[in-house]
There are 2 protein chains.
Amino acid sequence: MSNQQNDFTKWYIDTIQKADLMDYTPVRGCIAFKPDGYEIWEHIQDEMNRRFKETGHRNAYFPMLIPESFFEKEKDHIEGFSPELPWVTEAAGEKLEERLALRPTSETMIGHLYSDWIKSYRDLPVLINQWANVFRWEKKTLPFIRTSEFLWQEGHTAHVDEEEARHETMQMLEIYKEVVEELLAIPVYDGQKTPSERFAGAVDTFSIEAMMKDGKAVQAGTSHYLGTKFAEAFDIKYLTKENKHQFVHTTSWGTSTRLIGSVIMVHGDEQGLVLPPRVAPTQVVLIPVGPWKKNPAIMEKLDEIYAELKSKGIRVRLDDSDQSPGFKFNEYELKGVPVRLELGPRDLDNNQALMKARDGGEKVAVDLTEAVASIEQELQTMQKRLLENARTFRDENSHTNIDTLDELKKHIEDSATNEVTPGWILAGWCGDDACEEHVKDETKFTTRNIPFNPPAEKSACINCGNESKHTVWFARAY
Amino acid sequence: MSNQQNDFTKWYIDTIQKADLMDYTPVRGCIAFKPDGYEIWEHIQDEMNRRFKETGHRNAYFPMLIPESFFEKEKDHIEGFSPELPWVTEAAGEKLEERLALRPTSETMIGHLYSDWIKSYRDLPVLINQWANVFRWEKKTLPFIRTSEFLWQEGHTAHVDEEEARHETMQMLEIYKEVVEELLAIPVYDGQKTPSERFAGAVDTFSIEAMMKDGKAVQAGTSHYLGTKFAEAFDIKYLTKENKHQFVHTTSWGTSTRLIGSVIMVHGDEQGLVLPPRVAPTQVVLIPVGPWKKNPAIMEKLDEIYAELKSKGIRVRLDDSDQSPGFKFNEYELKGVPVRLELGPRDLDNNQALMKARDGGEKVAVDLTEAVASIEQELQTMQKRLLENARTFRDENSHTNIDTLDELKKHIEDSATNEVTPGWILAGWCGDDACEEHVKDETKFTTRNIPFNPPAEKSACINCGNESKHTVWFARAY
Ligand SMILES: [Zn+2]
Ligand SMILES: [Zn+2]
């Protein structure tokens with residue numbers, strides 16, 4: 001059994017450290033995002049920003065410190081978040097009169113401000129997003145996936161009515177789905193969270209859920225319809241065209257640096273990272289091989305290819321260091337560089353180079369005059385291939401034929417015996433919190449979401465056997 | 001006397017609020033950056049990132065919370081910053097064993113990590129930048145210019161020796177100068193800070209200094225050569241080619257959201273903001289005038305111009321709301337939109353439109369077939385014009401003929417009598433801290449920097465009359 005199968009968490013932590021994506025720090029649960037890790041985030045930011053702006057959203061920035069009294073205004077919200085809050089109690093040598101929380105999310109601060117910014121229907125909709133650091137002092141942490149401080153974007157919008165707000169909630173979920181599938185090559189199921197898994201203070205929470213290579217789920221993004229809950233808590237009212245005062249309907253939606261962790265856990269292999277070309281800090285590495293130092297034509301040709309790739313906006317690196325080719329191959333495989341091109345004297349004589357994609361397969365000889373085109377082509381096909389492979393893996397590990405809790409337990413046991421992941425299971429649910437909780441207590445499988453497009457419909461509750469109201473994904477989750 | 005001259009601070013605060021750049025919040029000294037304010041920052045970020053990456057730097061992200069013990073490792077650093085630190089003392093319901101500071105800057109956390117990341121000369125240079133929120137709990141705050149929480153970038157680099165580190169320090173200062181002059185149209189003097197104005201823990205601090213319209217100075221960016229101070233405090237050593245252990249030489253450099261405040265204070269006028277085209281959220285506004293609703297050809301033409309500007313990447317807005325043209329003119333002037341184009345029925349008959357630049361001058365008739373080209377041209381000339389006008393204003397208010405403290409006092413009195421700013425003065429300084437401090441105590445004029453290219457050389461110390469070691473800018477500063 002490979003390291004990855006044997007102890008997935010250990011493989012994950014080893015890999016992201018060796019590949020120089022992050023480092024631990026002495027502050028509990030807080031990591032340093034090293035350049036290769038942070039750059040994945042920058043590519044995610046660029047694509048998200050493009051989509052947010054295209055749909056009329058603008059960025060803003062709100063204070064990180066939130067007065068304790070703000071949290072108390074929405075009771076579900078404070079109940080959900082208070083166990084995880086760090087507090088500033090002193091500043092500039094003095095004890096503060098009121099404790100200030102490090103934001104876990106910004107609905108309260110933004111609610112307070114929106115109540116001032118929004119007066120009339122003319123001010124609506126308000127479509128604002130924020131890129132920020134947030135804090136949740138969690139007991140168990142895992143780099144990128146669950147850290148005390150993390151980076152995210154949080155959208156906060158206000159609308160005239162429920163219909164418009166719900167449309168926004170769905171629109172943003174759809175954008176998340178597209179970005180995660182197209183940019184990160186991670187297939188997701190979009191759907192609705194069950195009430196027990198809702199965001200603290202939401203009327204409805206929707207999510208996209210992704211399967212990691214160990215079969216566990218990651219909630220890769222959420223979008224919430226908040227109804228008038230925060231509007232009532234913070235008195236966000238507007239004057240309608242008919243001159244009536246009405247509460248706005250708000251939404252919020254977020255994705256975070258856990259996407260960095262997800263992309264590693266979905267695509268990585270024994271040799272290290274496998275990065276989708278669109279988010280790879282280095283997309284192509286050019287490596288001279290054989291007695292290349294005696295043969296200046298090799299570096300000349302590689303310089304030429306380098307310049308051409310660069311001019312096309314491709315993130316390319318030419319490694320002419322003194323390390324051996326084998327050492328370099330290993331290093332760039334570890335770092336997940338999508339495409340490698342080798343050029344040695346014999347290749348040059350044959351007017352060819354050897355190209356290899358990170359996700360397996362053989363080295364291919366490419367015509368030197370078409371090297372750049374071949375690389376461009378490979379980057380595109382690899383991007384699609386990674387998504388398709390991840391989809392195949394996910395579908396193979398998604399089980400739709402498990403109808404009862406006993407069957408689920410047996411499935412989990414069998415999986416353990418066979419040393420394979422139990423994956424996800426699609427099951428019926430009667431809508432009763434107690435059934436959901438019982439499954440969780442017995443199996444650690446929690447409801448991921450009620451998918452909009454389930455691969456099958458399940459008619460009976462997995463726990464009580466009564467008629468199911470929903471067909472739900474159950475899985476162990478990060 | 002205008003509002004701007006009468007009470008500059010009031011004018012500033014009124015203007016940025018009316019123009020919707022920011023809002024106050026209930027957390028002391030913490031503001032909300034509204035979309036039009038934040039977008040100026042985004043344009044600054046884009047340009048800085050471009051320049052940083054071009055010069056080999058990469059972004060990363062470090063924890064915001066810094067253990068108290070880290071600060072104590074560099075004594076100048078803790079002395080300088082401890083009076084302004086907010087502290088997290090509790091988290092998740094428990095008192096922390098060690099207080100955690102909200103970072104005022106990240107030398108200590110980064111020093112701690114670099115000591116682990118840097119082992120050999122092969123690991124050098126380390127060229128990293130971070131975009132982050134930072135905290136300095138100041139007594140007196142002013143939106144954008146001095147806030148308890150602000151946004152900034154902080155570069156942190158490590159080098160084999162002093163020469164390379166000093167070269168980096170100067171390179172980054174030069175980049176700041178270019179960005180601030182070319183993007184923000186703010187002329188600056190680059191130079192060296194006096195020891196009393198140095199960054200806490202630096203060997204040498206260099207700055208760019210800008211003059212606001214009230215004659216006061218803003219330190220618009222700083223670049224520090226830190227020598228081996230932080231390397232010694234955090235044990236950042238590397239193995240040389242000769243197999244010796246040596247301390248690295250480090251630098252740090254930063255610019256912040258005070259640049260947003262500066263651009264308002266340098267270019268704004270009685271009518272509101274005046275934004276340099278390159279950072280204006282809206283660069284061009286198109287406004288139909290006259291009985292345009294009865295004449296669909298007007299909106300057709302404006303739609304056409306809008307589409308063409310948009311396709312060229314120009315940030316354009318077409319305002320076809322029901323407000324009167326006069327109302328719209330005022331609103332976009334208040335918001336500092338660089339160029340306005342009006343089109344009414346009579347203009348259309350004459351195949352022309354009226355164009356007006358925000359920074360004054362008359363409306364100009366432009367040929368409709370060349371409207372887009374005229375607008376593009378005007379955006380470029382306005383960008384240059386703003387810089388030149390700011391330079392003229394600065395030079396007119398920079399005084400090089402004041403030789404003694406008495407002359408300075410008289411100059412300040414005369415300026416008050418004439419209701420003009422005393423501006424900056426270029427004076428000699430013997431190098432004695434006491435002389436600098438005496439000038440400050442008597443006049444509130446502090447040393448801004450020792451300019452690399454002073455407009456004159458001053459031979460005697462302004463305070464003691466002894467031979468001057470340096471020619472220095474003195475000014476009141478934000
Ligand atoms: Zn049930
Ligand atoms: Zn003196």
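Values in this text are rule-based calculations from the coordinates and carry no lab data. Bear in mind the structure is a predicted one, so any value in this text is a computation, not a measurement. For neighbour counting, all protein chains shown are included, and Cβ atoms are generated from backbone atoms with ideal geometry for every residue, glycine included.
Quick notes on this structure:
- Using C-alpha pairs under 8 Å with a sequence gap of at least 6, the mean separation divided by the residue count of the range B:155-239 gives a relative contact order of 25 percent.
- Spread of Cα-to-Cα distances over 10 Å intervals beginning at zero, given as percent, for the range A:164-203: 26, 46, 28, 1
- Sorted by Cβ neighbour density within 10 Å, fewest at the top, the residues B:TRP131, B:TRP41: B:TRP131, B:TRP41
- Binning all Cα-Cα separations of the range A:301-379 at 5 Å, short to long from zero, yields these whole-percent fractions: 3, 14, 27, 29, 21, 6, 0.
- Cross-linked pairs A:LYS216/A:LYS410; A:LYS53/A:LYS335; A:LYS34/A:LYS384; B:LYS193/B:LYS440: Cα-Cα separations exceed 22 Å for A:LYS53/A:LYS335; A:LYS34/A:LYS384.
- Using alpha carbons only: equivalent-ellipsoid semi-axes of the range B:343-478, gyration tensor based, whole Å: 48, 15, 10
- Rounded if a/c under 1.5, otherwise prolate or oblate - the range B:56-115, Cα gyration tensor axes: oblate
- Take each residue in A:67-73, count the other chain C-beta atoms within 10 Å of its C-beta, and the mean is 1.
- Dipole of the range A:312-471, positive end: most advanced residue of A:SER321, A:ILE402, A:ALA416 [Cβ charges, Cα centre]: A:SER321
- At q = 0.22, 0.25 Å⁻¹, base-10 log of I(q)/I(0) for the range B:1-94 (Debye sum, equal scatterers on each alpha carbon): -1.08, -1.14
- Label sites at B:GLN171 and B:GLU457, each approximated as a point 7 angstrom past Cα along Cα to Cβ, lie 3.1 nm apart.
- Distance (nanometres) between label positions extended 7 Å along Cα→Cβ at A:GLN377 and A:GLU242: 6.3 nm
- Each Lys and Arg contributes +1 and each Asp and Glu -1, all at the Cβ; summed about the Cα centre of the range A:368-422, the dipole is approximately 160 debye.
- Highest average first, the peptides A:173-185, B:135-147 ordered by how many other beta carbon atoms sit within 10 Å of their residues are A:173-185, B:135-147.
- Centre-to-centre separation between the Cα atoms of the range A:384-460 and those of the range A:258-332: 39 Å.
- For chain A: rounded, prolate or oblate by the Cα gyration tensor [a/c cutoff 1.5]: prolate
- Estimated from helical segments only, the mean residue ellipticity of chain A at 222 nm is -11500 deg cm²/dmol, where each DSSP H run of four or more residues counts as -39500 (n - 2.57).
- Rg [Å, one decimal], Dmax [Å, integer] - the range B:186-291, C-alpha atoms: 21.5, 82
- Between B:ALA365 and A:GLU94, the modelled label-to-label distance comes to 6.4 nm, taking each label 7 Å out from Cα in the direction of the beta carbon.
- Contact order relative to length of chain B, as percent, for alpha carbon pairs under 8 angstrom and 6 or more apart: 14 percent
- FRET efficiency, 1/(1 + (r/R0)^6) with R0 45 Å, evaluated for A:GLU419 and A:GLU72 via beta carbons: 0.35
- Expected-Rg normalisation [2.2 N^0.38 Å, Cα atoms] applied to the protein assembly as shown: 1.02
- Ratio Rg/Rh [Cα only; Rh per Kirkwood] for the range B:247-400: 1.09
- Note on the range A:103-146: dipole from Cβ charges, positive end direction compared against A:TRP117, A:TRP137, A:THR105; the farthest Cα belongs to A:TRP137.
- Counting only other chain Cβ atoms within 10 Å of each residue's Cβ, the peptide A:78-89 averages 4.
- Cβ-to-Cβ counts within 10 Å put B:SER324, B:SER256 in ascending order as B:SER324, B:SER256, the fewest first.
- Note on B:245-254: average number of Cβ atoms from other chains within 10 Å of each residue's Cβ is 0.
- Each Lys and Arg contributes +1 and each Asp and Glu -1, all at the Cβ; summed about the Cα centre of the range A:20-148, the dipole is approximately 220 debye.
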